[in-house]
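The values are calculated or read from the model by the stated rules, or taken from the named source; none is laboratory data. From a predicted model like this one, the values you see are computed outputs, not experimental measurements. Glycine also receives a Cβ, built like all others from the backbone with ideal geometry; neighbour counts cover every protein chain displayed.
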Ligand code: P6P
């Protein structure tokens, strides 16, 4: 085992990659790191304390809020507020964005978008869950954060990543110079570089989607599923179906092993289920930096101009060769009226 590189040492070494005033990256990510350790502590003992079960409230998505995702939301917002670089935060758990209106924050340069605990319905059954985050420069001059600060295209992200609370806790992120993964060593409470310069395999044999919705899938998705299931030895088909029901866990496995994750439009989710700002864009930034692709079936996710904080989008993400094949089927079926082709899409 070579020299252990901690997250802090890595950030200091890479400060030159982050063309912002010295120390801003480390302060921005240290808030994420601190909150992730606190949330991991609670997640890792979730069965032992009364933190399970529904909180009795619903979030804007109309989803039952689990105690742990409310807890995680509070921890990440508190860590960002205390840290000072961020003037506001938009969270899956809050109907509107939270603006940090104080003298201390009025000149803060960044905003954060976050899904504090994605896949939280899996908490009670001990399945891996995750935090997904995205960091942007604010577009407003100073003072309270504005809606425009949050409605930026994914191409404007300056950093993004996720924490997966699984057999180990890992923080995986990019600042636009590749993707690096850090594993928490619980014995010393430090994230250590364990997956340097992560690259998604160009192809794979894993496809991840909820086939229970098959009847309501767009024809292009149905054709792609049939393609995955066809017997064809030279292309290692049939592929393997793996769907955990926790986006961060499915994405992380596919990032390492190769694969494709699809959440298309369905009858109950005509615009898809996943949210553009704090689920799709951050993972799209990560996967593109790792050599993969992320689209809405037709164009790059990061090119979509957001119009609402919690807007949803159909989502295809993974190994480039698998993505090209899936998009070929989608293209043959044509763009549905509910979905304008993303600007700048040359396919
Ligand atoms: P379904 C969890 O609620 C989530 O947002 C993702 O983590 C997961 O991939 C997806 O929804 C599961 O949705 O409709 O297949 O249960």
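A few points about this structure:
- Qualifying residue in the range 305-314 (condition: within 16 Å of the ligand (Cβ to nearest atom), assigned to a loop (DSSP other than H, G, I, E, B), buried (at least 22 other Cβ atoms within 10 Å of the Cβ) and not assigned by TED's automatic domain parsing to the domain that holds residue 112): yes
- Of the set (1) touching a helix residue (DSSP H, G or I) at 6+ places or on another chain (Cβ under 7 Å); (2) within 16 Å of the ligand (Cβ to nearest atom); (3) more than 20 Å from residue 203 (Cα to Cα); (4) in a helix (DSSP H, G or I), all apply to residue 332 but (2).
- Condition met for residue 245 (within 11 Å of the ligand (Cβ to nearest atom) and farther than 26 Å from residue 333 by Cα): yes
- Against the list (1) farther than 24 Å from residue 273 by Cβ; (2) at pLDDT below 95, the condition residue 88 fails is (2).
- Residue ID - farthest from residue 3 (Cα to Cα), chosen from residues in the range 188-200 that are surrounded by 17 or more Cβ atoms within 10 Å (Cβ to Cβ) and in contact with a helix residue (DSSP H, G or I) (Cβ under 7 Å, 6 or more places away or on another chain): 200
- Hits in the range 125-143 (condition: under 21 Å from residue 252 (Cα atoms) and either in a loop (DSSP other than H, G, I, E, B) or over 11 Å from the mean Cα position of the chain (by Cα) (or both)): 125, 126, 127, 128, 129, 135
- If the condition is being within 18 Å of residue 250 (Cα to Cα) and more than 14 Å from the chain's Cα centre (by Cα), then the range 162-179 contributes 166, 167, 168, 169.
- Qualifying residue in the range 61-78 (condition: within 14 Å of the ligand (Cβ to nearest atom), modelled with pLDDT of 95 or more, outside the structural domain of residue 273 (by TED's automatic domain parsing) and farther than 15 Å from residue 165 by Cα): no
- Selected residue (only one of 172, 221 is buried (at least 21 other Cβ atoms within 10 Å of the Cβ), within 16 Å of the ligand (Cβ to nearest atom), modelled with pLDDT of 95 or more and farther than 29 Å from residue 270 by Cα): 172
- Boolean, residue 108 is part of a loop (DSSP other than H, G, I, E, B) and touching a strand residue (DSSP E or B) at 6+ places or on another chain (Cβ under 9 Å): yes
- Residue match in the range 144-159 (condition: in contact (Cβ under 8 Å) with a residue 12 or more places away in the chain and assigned to a strand (DSSP E or B)): yes
- Residue within the range 145-157 that is surrounded by fewer than 15 Cβ atoms within 10 Å (Cβ to Cβ) and within 15 Å of the ligand (Cβ to nearest atom) present: no
- Residue identified as surrounded by 15 or more Cβ atoms within 10 Å (Cβ to Cβ), touching a residue at least 12 places away in the same chain (Cβ under 8 Å) and either near the ligand (Cβ under 8 Å from one of its atoms) or outside any helix (DSSP H, G or I) (or both) among 227, 207: 207
- Test: residue in the range 273-282 that is more than 13 Å from the chain's Cα centre (by Cα) and not assigned by TED's automatic domain parsing to the domain that holds residue 114: yes
- Filter pass, residue 163 being in the same structural domain as residue 24 (by TED's automatic domain parsing), within 16 Å of the ligand (Cβ to nearest atom) and outside any loop (DSSP other than H, G, I, E, B): yes
- Residue satisfying all of: in the range 254-271; closer than 15 Å to residue 291 by Cα and away from the ligand (no atom under 12 Å from the Cβ); surrounded by the fewest Cβ atoms within 10 Å (Cβ to Cβ) among these: 257
- Residue that is nearest to residue 31 (Cα to Cα) [pool: residues in the range 109-132 that are away from the ligand (no atom under 14 Å from the Cβ) and touching a helix residue (DSSP H, G or I) at 6+ places or on another chain (Cβ under 6 Å)]: 112
- Among the residues of the range 230-242, just one is surrounded by 16 or more Cβ atoms within 10 Å (Cβ to Cβ) and within 16 Å of the ligand (Cβ to nearest atom), namely 242.
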